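Asks: For reference, the structure I am asking about is given below.
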Amino acid sequence: MKLQTAYCIFAYLFLCSQATIVSTRSKFVDTSSFPLHNAAEAGLNLPAIGVGTGFYGSNLVPYGEYPECGAEPVGCGNNTQRAVYTWLNKAKGVRLDCANSYYNQRSVGLGIEQSGVNRSQIFILSKVGPSFPLGYNETIQQTSDILQDLKTDYIDLMLVHWPYVTPGETKIPISSDPFCNLTSSATYDEKKCRLSTWSAMVMLYKRGVLRSIGVSNYNTTHLQEIIDAGLPLPTANQVSFNPYNYRTGRADLLEFCRNHQILLIGYSPLGVPDVHQFPTEDKARQSTGMSSTLLEDPVIVSLANQYKRSPAQLLIRWAHQLGVPTNPRSMSEDHMKENLAVFWNPFTIGGDDMVRINNLAQDTCDADPDWYECVGNGNLP
């Protein structure tokens, strides 16, 4: 029955993809965009900056309830829809960063519809997992759900959100894929689960439902598994990326991805300004050299003043010069336009100043190694 269900879903997705192949889809080529390689449609580019659509609210309740304020579309969808509309219609942004586990993609779809912007001119990135089961059939099912929520028949870039589902998590439905069934110690195999999930992504890409495919929060070990399996390589790997974690894993991961033509995409390029995330003192209560938020770091503030830009613009430009596109989260039209102005009115950070930023104090993650800023480092198992 499950195989029959998967076949029906696949048939639906295949028909959708065939219906849009003849339509005109933008390749998103401009002077600041990044070409996509490996498992990507020929000539497709990633716009240099997007807007994150996750967690527009303070009441995060996962697994079926929406993070802003309850079941969508009541309440929760208002912030998300408004942010998407503002980004596309007012700020004239192009790329949206979405995910199934943000629990708000129907509101993203409403924001797209409200914006009046043609779908072919919007680059949609979405993700499967991790608060939904992974596996071959489950990846197909999630893709079908995402397409329906976003009111589209293709995704420009689909990522596997995390390389695993948390073992022991009881609120996630049981996967039909034996390698991904957390309740069965006899068959569960984290590596085989990743490869089974990736195989489904490859199939959907080859059928044209997904224009390109990639991963998120993968370290070099996870990426090497795909290489060793002889499967098509991801076109992208999205991880948290900012100066406070650059030298503790990100620089090595960036080099590995470059060597395999995998584009590294950075989320949280400004840190997370609405929470004090970085430890100002270590366990011995000695100064770490970090500010509680990256936007307040004295070096960043000083260099921003020197270049007559905002700290946020400096950080976005720093990542871009390293070859890393970013997707800062914002609901403010002014902040969105400020971020986009990095490319509308470009500037270059000098080599010595790039080194100063590279050499900022680093978050060792000793305080909370499970904090998402710390997960995905190249040196983690």
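The values are calculated or read from the model by the stated rules, or taken from the named source; none is laboratory data. This is a predicted model, so every value here is computed, not measured. Here Cβ is always computed from backbone atoms with ideal geometry, including for glycine, and neighbour counts include all displayed protein chains.
Asks: Restricting to the stretch 234-244, name every residue that is under 30 Å from GLY289 (Cβ atoms) and in a loop (DSSP other than H, G, I, E, B).
Replies: As a first pass, look at the stretch 234-244 and keep what is under 30 Å from GLY289 (Cβ atoms): 237-244.
Within the stretch 234-244, PHE241, ASN242, PRO243, TYR244 qualify.
Asks: Let me ask something additional. So, GLY208, is that one surrounded by fewer than 24 Cβ atoms within 10 Å (Cβ to Cβ), modelled with pLDDT of 95 or more, more than 17 Å from the chain's Cα centre (by Cα) and not in a helix (DSSP H, G or I) or not? Even if it seems obvious, please write down each step before you answer.
Replies: Values: surrounded by fewer than 24 Cβ atoms within 10 Å (Cβ to Cβ): yes; modelled with pLDDT of 95 or more: yes; more than 17 Å from the chain's Cα centre (by Cα): yes; not in a helix (DSSP H, G or I): yes.
So GLY208 fits the description; yes.
Asks: Check off (1) more than 22 Å from PRO328 (Cα to Cα); (2) at pLDDT 90 or above; (3) in contact with a Pro (Cβ under 8 Å, 6 or more places away or on another chain); (4) not hydrophobic (A, V, I, L, M, F, W, C) for THR288 and give me the number that stays unchecked.
Replies: (2)
Asks: Another question about this same structure. Of the residues SER144, SER115, SER126, which is of a type in the set (S, T, N, Q), modelled with pLDDT of 95 or more and under 21 Å from LEU36 (Cβ atoms)?
Replies: Numbers: SER144 fails: under 21 Å from LEU36 (Cβ atoms); SER115 fails: under 21 Å from LEU36 (Cβ atoms).
Criteria check complete, one pass: SER126.
Asks: Considering only residues that are assigned to a loop (DSSP other than H, G, I, E, B), modelled with pLDDT of 95 or more and not aliphatic (A, V, I, L, M), which ones fall in the stretch 211-233?
Replies: If we filter the stretch 211-233 for residues that are assigned to a loop (DSSP other than H, G, I, E, B), which is where we start, we get 211, 217-219, 230-233.
Then keep just the ones that are modelled with pLDDT of 95 or more; that gives 211, 230-233.
Once the filter is applied, which keeps residues that are assigned to a loop (DSSP other than H, G, I, E, B), modelled with pLDDT of 95 or more and not aliphatic (A, V, I, L, M), the stretch 211-233 yields ARG211, GLY230, PRO232.
Asks: Still on this model: Could you pull out the residue among LEU340, LEU314 that is within 17 Å of PRO243 (Cα to Cα), assigned to a helix (DSSP H, G or I) and modelled with pLDDT of 95 or more?
Replies: After applying the criteria, what remains is LEU314.
Asks: If I filter the stretch 102-159 down to residues being outside any loop (DSSP other than H, G, I, E, B), more than 17 Å from the chain's Cα centre (by Cα) and of a type in the set (Gly, Ala, Ser), which single residue comes out as farthest from TYR188 (Cα to Cα)?
Replies: Per the criteria, the residue is SER115.
Asks: Only one of these conditions is not met by LEU294: (1) hydrophobic (A, V, I, L, M, F, W, C); (2) closer than 30 Å to GLN81 by Cα; (3) surrounded by fewer than 19 Cβ atoms within 10 Å (Cβ to Cβ); (4) modelled with pLDDT under 95. Which number is it?
Replies: For LEU294, the exception is condition (3).
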